[in-house]
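**Q** Take a look at this one; I'll ask things after.
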Amino acid sequence: MRKRVLVAAVLTILALLVFAVPTLAFVSDYTAVGFRYIGDVFHEKKVNFPGGTTYFQIRGKGEASGTQSVSYSVTSAVYGGSTDVYINNNFFATTALDAAPDELMRVLSEIDFTGRATVQTGIEMNPGESGYIRQSAASSVGTDGEYLKISNHFGNTGGTTRRVAEVGRFMTDRMEVVGYAEVWEVTTRQSGTAKAGFWSVN
């Protein structure tokens, strides 16, 4: 009788482990792109990850350039919970000299860590002018804290630069510049007791 109970207990534990394996598993998603366009351009991309999204749109006439990478990883709550996100954007834009007003090269970039931070940046270039959007974002949510890190550089020369950023109740930033703009930004937010999640995000 005792043997049967022991065998039943072992089988029950094994069954629970088999069903729990998906929740114990480490998950990692990654996307990377490299572009270079010239001529009429339209490109739109949205990446969803638990706790947020990243989106960009490029449209217009005459050049663009590129790089975009997104990364995401999860560890189950069984192991103390973890979420890492790393986003990288890099861009350049210019507008063809013969472009019509509705063909100006425009680059829009949005990063949204739901309820934690939203960053929307856009540049639109006049004919023959240059541009830039550089972004880097990091996020880490775990049992020991919530970490966030944003770097930036918008660039532009002749054209329009627009920007809206909200980081929780910590910061709201709105900006519009027509003409020259060169902006740099660093935002760091951390809470909790452990640094590991924050420092391990690229």
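**Q** Report the dimensions of the stretch 57-141 along its three principal axes from the alpha-carbon atoms, largest first, rounded to Å.
**A** 59, 22, 14
**Q** Let me ask something else about it. Counting only heavy atoms of protein chains, what accessible area per residue, in Å², does the stretch 97-180 have with a probe of 1.4 Å?
**A** 47
**Q** At 0.36 nm per residue, and after removing the present C-alpha to C-alpha distance, how many nm does the segment from Glu182 to Thr67 gain when stretched out fully? Let's see the in-between values first.
**A** Details: separation 115, 0.36 × 115 = 41.40 nm, distance 2.02 nm.
Extra length available between Glu182 and Thr67 comes to 39.4 nm.
**Q** If you don't mind, there's one more thing I want to ask. For the stretch 113-130, in order, what is each residue's ³J(HN,Hα) by Karplus, 6.51 cos²θ - 1.76 cosθ + 1.60 with θ = phi - 60°, in whole Hz (x at glycine and Pro)?
**A** Values per residue, Gly and Pro as x: 9, 2, x, 10, 6, 9, 10, 10, 9, x, 10, 9, 9, 6, x, x, 8, 10 Hz.
**Q** Additional query: Summing +1 for each Lys or Arg and -1 for each Asp or Glu, what net charge is found among the other residues whose Cβ lies under 10 Å from the Cβ of Phe92?
**A** +1
**Q** Quick check: net charge around Arg163, other residues with Cβ under 13 Å of its Cβ, Lys/Arg +1 and Asp/Glu -1?
**A** -4
**Q** Residue by residue, what Karplus-based ³J(HN,Hα) values in Hz, rounded to whole numbers, does the stretch 30-44 have, using 6.51, -1.76 and 1.60 with θ = phi - 60° and x for Gly and Pro?
**A** After applying 6.51 cos²θ - 1.76 cosθ + 1.60, I find 8, 9, 9, 9, x, 10, 6, 10, 8, x, 7, 10, 9, 8, 9 Hz.
The values are calculated or read from the model by the stated rules, or taken from the named source; none is laboratory data. All figures in this text were calculated on a predicted structure; none of them were measured in a lab. For neighbour counting, all protein chains shown are included, and Cβ atoms are generated from backbone atoms with ideal geometry for every residue, glycine included. Only protein heavy atoms, including side chains, enter the accessible area calculation; ligands, DNA and RNA are left aside. Shrake-Rupley method; radii C 1.70, N 1.55, O 1.52, S 1.80 Å.
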